[in-house]
1. Considering only residues of the range 340-369 that are assigned to a helix (DSSP H, G or I) and among the hydroxyl-bearing types (Ser, Thr, Tyr), which is surrounded by the fewest Cβ atoms within 10 Å (Cβ to Cβ)?
2. Would you mention how many residues in the range 288-321 are part of a loop (DSSP other than H, G, I, E, B) and surrounded by fewer than 23 Cβ atoms within 10 Å (Cβ to Cβ)?
3. Restricted to the range 284-303, and to residues that are of a type outside the set (A, V, I, L, M) and under 22 Å from the mean Cα position of the chain (by Cα), which residue is farthest from Gly324 (Cα to Cα)?
4. Condition first: of a type in the set (D, E, K, R) and assigned to a strand (DSSP E or B). Can you find one or more residues in the range 64-77 that meet it?
5. Restricting the search to the range 26-45, which residues are outside any loop (DSSP other than H, G, I, E, B) and within 31 Å of the chain's Cα centre (by Cα)?
6. Taking the range 390-419, which residues are under 21 Å from Pro333 (Cα atoms) and assigned to a loop (DSSP other than H, G, I, E, B)?
7. Could you grab the pairs with beta carbons closer than 8 Å, sequence gap of 6+ or different chains, first residue in the range 371-389 and assigned to a strand (DSSP E or B), second one of a type in the set (Phe, Trp, Tyr) and crowded, with 17+ Cβ neighbours inside 10 Å?
8. Could you grab me the full set of residues in the range 277-287 that are in a helix (DSSP H, G or I) and out of contact with any His (no Cβ under 9 Å at 6 or more places or on another chain)?
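The values are calculated or read from the model by the stated rules, or taken from the named source; none is laboratory data. Predicted model, so just to flag it, every value in this text is computed and none were measured. Heads up, the Cβs are rebuilt from the backbone with ideal geometry, glycines too, and the neighbour counts pull from every protein chain shown.
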Amino acid sequence: MIITNINIFDGVNDTLSKNMNLLIEHNLIKTISNQPIVTDNDEPVIDGGGLTLMPGLLDSHVHLMLNDAPHRSIYHETWSYVGAQAVASAKAMLLRGFTTVRDVGGPVAGLKKAIDKGIVSGPRILPSGPFISQTCGHGDLETSEYRLSPYFTGVKDKAAILGWSYVADGVPEVTKAAREVLRTGATQIKVMAGGGVSSHFDPLDTTQYTFKEMKAIVQEAENWGTYVLVHAYTDRVVRTCVEAGVKSIEHGPFLTEDTMKLMAEKCVWLSPQIYLFDMTPEELNIVGTPAESKMRQVNEGSKNLVKWAKEYGVNVAWGTDLFGSLSKQAKQPQEFLARAKVYTPYEILKQVTSGNAELFLLSGNRHPYQEGSLGVIQEGAYADLLIVNGNPLENISLMADPDNNFKIIMKDGVVYKNTL
């Protein structure tokens, strides 16, 4: 396929390359030129109409299998229904322009396989497999306080049986859990290191896992050439994780300036969810639940997070964590507008393209997509791209309305939307 008459944002530079042409062979970008492209074949030609071509989008924090409240997806719904929800979620995410995502917990391996084989449509997935959590941690997902513990009753936890979460305590158990996660084909390992909003029995200020336990998990990841990302909110938790060798901090609403400086010094990534942090319990429909007071703490505590991250040069990923109903997930593009309060359009667009791609490369040989580069428009890169009606480097709000503004969505050389 040849695409002509386009202005290119390559995911790296802060200006557009004007009046360009692009040749795609199979699933890779073969040629980029400001001259007409002539070949011996009769390729289909798309006239870009002077619009902006850019890389497909990358989201660093999704849960494609969680399309309801966690306890409902795991303990209450039938497995086939959960799978059907995930297929719909993946297709909708691709049609919002997200061509690659890092799934940070859940039994997503089967969905990834179906997408890669072309059975269903969706983004490329870098799976984390089951969460690793301590007892009474953020990944100990049974909501009943009368849960029958598998440690004392021998009753298996459904979350472990179905590959949602492994509850492990002590160095030998977390080492085993990490190896089991890697056995599922995980690209990276996700650990619950502190309290969270959506879990019932762990206050936000709790520290989960000791340094020795976290270090043991990091060691197993490093043995396989990959890394650990952690769910973490507080300074104490993050400092323990950073010293243990964790490479990606998810959320972090209560971090201080000193901890930001430490993360910048250690080249540790921060994946904040700016739009979600601003959503009130009323907007999330969690008033009257155990999550309400926690969310109000996040609303208040996260006000300076991204400002400090920018000030101290922390590597910031672009991630949303909008798991739940399809209508909630549809708000994913609102993250662009939320970030515009702190970042320039160029900074945001780089985060959601080449920046996230750089983070994903920490998976080393576990990275499942190595035929080409992701998050960039360059020769030899994957043909994952968008054509946008306008210049998002000048108007970031274009990215918040993909239905109207994304005229072409292509992944792996296949066009999934074309309204030119």
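1. Result: Tyr346.
2. Qualifying residue count for the region: 9.
3. Looking at residues that are of a type outside the set (A, V, I, L, M) and under 22 Å from the mean Cα position of the chain (by Cα), I get Lys303.
4. Within the range 64-77, not a single residue is of a type in the set (D, E, K, R) and assigned to a strand (DSSP E or B).
5. Result: Leu28, Ile29, Lys30, Thr31, Ile32.
6. The first filter runs over the range 390-419 and keeps only residues under 21 Å from Pro333 (Cα atoms), leaving 390-411, 415-419.
Correct list: Gly390, Asn391, Pro392, Leu393, Glu394, Asn395, Asp401, Thr419.
7. Hits for this filter: Tyr382/Tyr369; Leu386/Phe406; Ile387/Phe406; Val388/Phe406.
8. Looking only at the range 277-287, we keep the residues that are in a helix (DSSP H, G or I), and these are 277-278, 281-284.
Passing the criteria: Asp278, Pro281, Glu282, Glu283, Leu284.
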